[in-house]
Amino acid sequence: MTEGVPVLERTAPPHEPAAPTPADAPFRDVPGLLDGVPRQRGPRGTAVAQVREPVPAAAPRTWTLRPWRLLPTPAGTPFTFGYATVLCLTSLIAAYADPALVHALLQGSSTDVAHLVRTPELALIGSALWVAGGVTSPFAIAFVLVLTALERRVGGLRTAGVFLLGHVLATLATEVPVGLAVLAGHLPGSSLHRLDYGVSFGVAAGIGALAGLLPLWLRLPLLAGFGWMLLQDLLAFADPMTNWGHLIALGIGLATWPVVRRRHAVRPGPPVSARA
């Protein structure tokens, strides 16, 4: 520097306030934002990147065929197992006991009008302790298979309810008209006394209820085959009261679909790998 010559010092220009950003400015014109990075508010207002955890892939469903699940067990299906045991005992009595004793027991357990009027509870319960035709009859085999499958899906209490509902209501629906017809003089008094026992009404109701829990490709053949068999028996006119009772019991089982389906929906199922 030279003396006497004023020194001009360079000073920074005064800081000018930034112009306000217009409200309608696009995001790329707003200062402080990074292009292509979404702004996320963290726990203290800072921008953090959102990291999503990977969703684990669903395990493949495997199907294992276990034929023994078609049969009742004391732990898995206690109602069906206990009931089937009682039916086996009564079938042995009917096969090997004195015929006069067997006839007296069956007659006392009959759900005809005379017994329903005098002892309705004993007749309704006693008639369900015998199997018409023995343990090898079609309804005895259907009893084991149908009630086992139904109990595994909805439990023993609801299975017993479906069975008793079909047994009691179908019995009353077929016997009460007989009593009224006798009172009106359309049938003889001997119609009040008949041998009527067995589990077929309860089994028919169980088939109707179980059909509502099966997939469509199983439901339709089951209902079509069983319904056609009942219609053939009705057209044969061998025992119209019993045949009408089977159709009524099947309809009662169909009417229980809302209840059994709701229970089946909330009932926890077995592990995926253990499904039969």
Looking at the stretch 216-235, can you tell me whether even one residue there is buried (at least 16 other Cβ atoms within 10 Å of the Cβ) and not in a helix (DSSP H, G or I)?
no
Given (1) within 16 Å of the chain's Cα centre (by Cα); (2) open to solvent by 70 Å² or more (accessible area, probe 1.4 Å); (3) among the aliphatic types (A, V, I, L, M), where does Ala211 come up short, assuming only one miss?
(2)
Which residue pairs have Cβ atoms closer than 7 Å, lie 6 or more positions apart in sequence or on different chains, and pair a first residue in the stretch 251-263 that is under 17 Å from Thr171 (Cα atoms) with a second residue that is among the aliphatic types (A, V, I, L, M) and open to solvent by less than 70 Å² (accessible area, probe 1.4 Å)?
Ile252/Ala170; Ile252/Ala205; Gly253/Val162; Gly253/Ala204; Gly253/Ala205; Gly253/Ile207; Gly253/Ala209
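Name the residues in the stretch 248-264 that are within 14 Å of Phe201 (Cα to Cα) and open to solvent by 40 Å² or more (accessible area, probe 1.4 Å), would you?
Filtering the stretch 248-264 for residues within 14 Å of Phe201 (Cα to Cα) gives 248-254.
Scanning the stretch 248-264 gives Ile248, Leu254.
So, in the stretch 179-208, exactly how many residues are part of a helix (DSSP H, G or I), surrounded by fewer than 19 Cβ atoms within 10 Å (Cβ to Cβ) and touching a residue at least 40 places away in the same chain (Cβ under 8 Å)? Give the steps one after another, and end with the answer.
Step one: of the stretch 179-208, the residues part of a helix (DSSP H, G or I) are 179-183, 189-192, 200-208.
With surrounded by fewer than 19 Cβ atoms within 10 Å (Cβ to Cβ) added as a condition, the list becomes 179-183, 189-192.
Next, only the ones that are touching a residue at least 40 places away in the same chain (Cβ under 8 Å) stay: 179, 182, 191-192.
Looking only at that region, the number is 4.
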Report yes if some residue within the stretch 110-119 is closer than 17 Å to Val199 by Cα and open to solvent by 50 Å² or more (accessible area, probe 1.4 Å); otherwise report no.
no
Looking at the stretch 67-116, which of the residues that are among the charged types (D, E, K, R) and within 34 Å of the chain's Cα centre (by Cα) is nearest to Pro188 (Cα to Cα)?
Asp112
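Scan the stretch 117-140 residue by residue and report those that are at negative phi and touching a residue at least 24 places away in the same chain (Cβ under 8 Å).
The answer is Val117, Leu124, Gly126, Ser127, Ala128, Leu129, Trp130, Val131, Ala132, Val135, Phe139, Ala140.
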Hey, does the stretch 147-165 have a residue that's in a helix (DSSP H, G or I) and polar (S, T, N, Q)?
yes
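What do you reckon, is Phe163 under 21 Å from the mean Cα position of the chain (by Cα) and open to solvent by 10 Å² or more (accessible area, probe 1.4 Å)?
On the way: under 21 Å from the mean Cα position of the chain (by Cα): yes; open to solvent by 10 Å² or more (accessible area, probe 1.4 Å): no.
Criteria not met by Phe163.
Any residue in the stretch 164-186 that is closer than 30 Å to Ala114 by Cβ, of a type in the set (Val, Ile, Thr) and touching a Pro at 6+ places or on another chain (Cβ under 8 Å)? Steps first, please.
Here is the first cut: in the stretch 164-186, the ones closer than 30 Å to Ala114 by Cβ are 164-186.
In the following step, the residues that additionally are of a type in the set (Val, Ile, Thr) were identified as 168, 171, 174, 176, 178, 182.
Right, trim to touching a Pro at 6+ places or on another chain (Cβ under 8 Å) and you get 182.
Yes, the stretch 164-186 has at least one match.
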State yes or no: is Phe143 within 27 Å of Pro177 (Cβ to Cβ), in a helix (DSSP H, G or I) and in contact (Cβ under 8 Å) with a residue 40 or more places away in the chain?
yes
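The values are calculated or read from the model by the stated rules, or taken from the named source; none is laboratory data. Keep in mind it's a predicted model, so treat the numbers as computed, not measured. When we count neighbours, we look across all protein chains shown, and the Cβ atoms used for this are built from the backbone with ideal geometry, even at glycine. Areas reflect the complete protein model, heavy atoms only, side chains present, ligands, DNA and RNA absent. Shrake-Rupley method; radii C 1.70, N 1.55, O 1.52, S 1.80 Å.
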